[in-house]
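Report on the structure given below.
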Amino acid sequence: MDYTQLPRTIKLPYWTNDQKDQVVCQFHYEGGPISTVSVSDTEEGNPDWHEIMEKFTIEEIDKNTEELLAIEREKERKQKELAEDQAAQMKSDVLYEAKLEAFEIPEIKNSKNRKLKSLIRKSKTLGEIQAYTAVLVMKEMEKSDGK
């Protein structure tokens, strides 16, 4: 069946560019599908374009466009926030794993140096973990060499 011959309602038109010479909207066909279409005027005069311009004011299309852009900006903001949260969680997981690994080193596990062990636990970067771990291992090795 050729649904394009069915009566239709046009909904949600919005501009696709700043020149306002192209609109995207939905064609809701009676008893049929909903099609999202892009419409612009032509030299011959596009009847769909003229129908849209008769049924909607420029202000209504402007408003739809602004609302859609606001929704898109909010979506982008939330996606960015989610990505930042995931990155922070990954960093936290990496730090946690690095700290666990550091405390598996026998010289650190068996060390009585509470200050350096605390610094390893409180480290905020991999560099800090590595630095404090190296210092503590060296101190423990010096102690064992001195025995």
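The values are calculated or read from the model by the stated rules, or taken from the named source; none is laboratory data. Just so we're clear, the structure is a prediction, and the values are computed from it rather than from any experiment. In this analysis, Cβ positions are derived from the backbone assuming ideal geometry, glycine residues included, and neighbour counts consider all displayed protein chains.
Figures for the structure shown
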| read-out | value |
| --- | --- |
| Exclusive hit being at pLDDT 95 or above and outside any helix (DSSP H, G or I), set GLU74, GLU104, GLU84 | GLU104 |
| Close pairs from the stretch 63-87: first polar (S, T, N, Q), partner surrounded by 10 or more Cβ atoms within 10 Å (Cβ to Cβ) and outside any helix (DSSP H, G or I), Cβ under 8 Å, at least 6 apart | ASN64/LEU12; ASN64/PRO13; ASN64/TYR14; THR65/TYR14; THR65/TRP15 |
| Search result, residues across the stretch 86-118 that are surrounded by 14 or more Cβ atoms within 10 Å (Cβ to Cβ) and under 34 Å from the mean Cα position of the chain (by Cα) | LEU95, ALA98, LYS99, ALA102 |
| Test: residue in the stretch 36-51 that is charged (D, E, K, R), within 30 Å of GLN130 (Cβ to Cβ) and surrounded by 13 or more Cβ atoms within 10 Å (Cβ to Cβ) | no |
| Qualifying residue in the stretch 52-59 (condition: basic (Lys, Arg) and part of a helix (DSSP H, G or I)) | yes |
